[in-house]
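The values are calculated or read from the model by the stated rules, or taken from the named source; none is laboratory data. All values derive from a computational prediction rather than experimental measurement. FYI the Cβ positions are ideal-geometry reconstructions off the backbone, even for glycines, and counts take in every protein chain you see.
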Amino acid sequence: MPISRKKYILVLLVSIAALALTLGIALLFGGGAPAADRADGGQTPLRISEYMAKNTAYPGPDGRCSDWVEIENSADAPFNLSGYRLTDDMTKAKYAFPVGTVLPAGGHIVVWCDPEGSGAFYAPFSLKAQGGETLLLMNSANTVLDQIETLRSPRNMAVIRTADGGLTVTNTPTPGYENTEAGYQAYLAAAGLGSGEVRLSELMSAEKLICGPDGLPCDWVEIENSGAESADLSGMHLTDREGEGRYTFPEGSVLAPGGRLLVWCSGDETKGADHAPFRLSKQGGESVLLTDRNGNVLDRVSLPYLMDDNSYARIDGTWTVTNTPTPGYENTETGYAAWLASTGYADVKIRITEVNPRNLSGLRDADGEFRDWIELMNEGEESVSLEGWYLSDDPEDLARWRIPAVSLAPGERLVIFASGKDRTEGELHTDFAVSAQETVTLMTPVGILAHQVTVPLVADDASWAMVDGAWTETAPTPGQ
């Protein structure tokens with residue numbers, strides 16, 4: 001049956017439309033990019049190299065802290081980005097680079113993602129801190145050149161592209177610079193941060209051992225004057241919130257050349273002029289800022305996650321997590337030794353001298369039970385108070401069990417039952433028992449590891465003891 005001319009034209013139009021739709025989808029999601037988009041070997045030199053969601057510390061050109069995405073040109077020649085697109089929607093190219101945008105060889109460019117932002121390099125969308133969305137970089141023909149699935153990221157933490165194309169979270173963002181330590185330092189210098197004579201030098205969160213002036217464990221921030229002249233801090237601010245001077249240095253706060261000053265972040269400014277009305281977050285993602293009287297940022301640092309009693313210190317110009325905090329002293333081995341000496345514990349010689357992990361028929365406790373026990377000895381020449389010292393069998397919690405007010409004279413020994421009964425009056429019992437292959441630690445009140453011993457498997461009723469300067473399995477000698 002012959003097809004009418006109208007039906008033929010209709011079928012032809014439908015076929016053309018279907019072909020156009022297929023070509024459009026291919027161009028948008030899988031089509032080959034023009035030759036200009038490809039480096040030798042067929043790979044595009046452009047990629048999404050870094051982004052930050054939930055930004056509250058790194059202001060954009062308009063002074064506001066917006067989310068941002070960084071694009072990198074890995075080629076050895078400039079790249080014209082005119083008309084290229086960035087989007088978080090696979091069906092819609094939301095942002096296009098302005099005409100004349102050229103990215104230098106090896107260069108980086110930042111797009112600020114803020115629906116309320118205005119300017120040539122502001123995209124009309126924001127990023128989700130919980131991650132799970134797709135970011136796409138496309139050419140002017142809507143061909144996808146690069147795409148990533150975003151990760152969940154804490155506040156003020158960036159996500160960077162690794163050499164193998166993966167993603168990792170970092171607390172050293174480098175917007176507009178290469179994702180290296182050198183790039184981070186270049187960013188700080190360009191932003192005028194940390195290059196002045198008065199700057200942040202060390203911070204500690206999740207503090208359990210180092211105490212403030214009131215004798216209670218407290219987070220702290222250290223400020224240093226690296227200049228050759230005294231610096232007047234009066235009226236300057238320390239804060240954990242952009243644009244809000246939460247702590248103000250009192251009038252007359254002068255920092256001598258090379259000097260360091262501690263601000264105790266207790267959250268209670270009524271405790272004294274050196275207490276800030278905020279605490280620091282152990283989980284990281286929080287920024288601490290030092291500003292002048294007018295709120296201009298002089299230095300800032302984003303805290304990473306810190307284990308108990310680790311600090312985050314500027315060491316040789318680089319921020320580093322360290323287990324040798326030096327509050328009020330230079331961030332060096334010499335500074336650590338000086339701080340230890342200032343605590344009064346540097347030369348104290350309290351040692352673990354015997355551990356009985358399989359007490360089945362030997363020493364009984366006050367309840368008439370056979371329990372594990374630990375023996376301590378004062379090998380020094382002066383009496384030592386053990387109040388506030390700690391015993392532990394957990395390498396992740398060296399401050400597990402606190403020793404109460406008890407003193408050891410020179411040469412004196414003390415037996416503490418490791419029973420799990422947790423008693424601090426009369427006969428002492430820890431809140432843990434000892435097992436083979438565990439490490440028992442003894443720590444001072446200021447977090448110095450005084451002694452430790454790893455207990456092997458021993459015979460029933462045998463001890464692991466220090467005999468003539470060497471650890472050995474032996475018959476128990478509690479208190480002797």
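Where strands (runs of 3 or more DSSP E) sit wholly within the stretch 440-480, those with at least 2 residues that are under 30 Å from residue 327 (Cβ atoms) occupy 449-454.
Could you please let me know if residue 362 is assigned by TED's automatic domain parsing to the domain that holds residue 461 and free of Cβ contacts under 8 Å to residues at least 40 places away in the same chain? It is false that residue 362 is assigned by TED's automatic domain parsing to the domain that holds residue 461 and free of Cβ contacts under 8 Å to residues at least 40 places away in the same chain. Taken together, the residues in the stretch 234-253 that are touching a residue at least 12 places away in the same chain (Cβ under 8 Å) and either assigned to a strand (DSSP E or B) or in contact with a strand residue (DSSP E or B) (Cβ under 6 Å, 6 or more places away or on another chain) (or both) amount to 9. The residue that is farthest from residue 45 (Cα to Cα), among those in the stretch 126-142 that are over 25 Å from the mean Cα position of the chain (by Cα) and surrounded by fewer than 20 Cβ atoms within 10 Å (Cβ to Cβ), is 134. Answer yes or no: is there a residue in the stretch 47-54 that is within 28 Å of the chain's Cα centre (by Cα), modelled with pLDDT of 50 or more and of a type in the set (Gly, Ala, Ser). Within the stretch 47-54, one or more residues are within 28 Å of the chain's Cα centre (by Cα), modelled with pLDDT of 50 or more and of a type in the set (Gly, Ala, Ser). Restricting attention to the stretch 223-261, the residues being of a type in the set (A, V, I, L, M, F, W, C) and either surrounded by fewer than 18 Cβ atoms within 10 Å (Cβ to Cβ) or not assigned by TED's automatic domain parsing to the domain that holds residue 325 (or both) number 3.
Say whether the condition of being under 33 Å from the mean Cα position of the chain (by Cα), more than 25 Å from residue 172 (Cα to Cα) and at pLDDT below 90 is met by at least one residue in the stretch 316-323. No: zero hits.
For every residue, the table says whether it meets (1) in the same structural domain as residue 87 (by TED's automatic domain parsing); (2) surrounded by fewer than 20 Cβ atoms within 10 Å (Cβ to Cβ); (3) in contact with a strand residue (DSSP E or B) (Cβ under 8 Å, 6 or more places away or on another chain); (4) more than 20 Å from residue 284 (Cβ to Cβ).
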position	(1), (2), (3), (4)
146	yes, yes, yes, yes
151	yes, yes, yes, no
159	yes, no, yes, no
164	yes, yes, no, yes
168	yes, yes, yes, no
172	yes, no, yes, no
175	yes, no, yes, no
181	yes, yes, yes, no
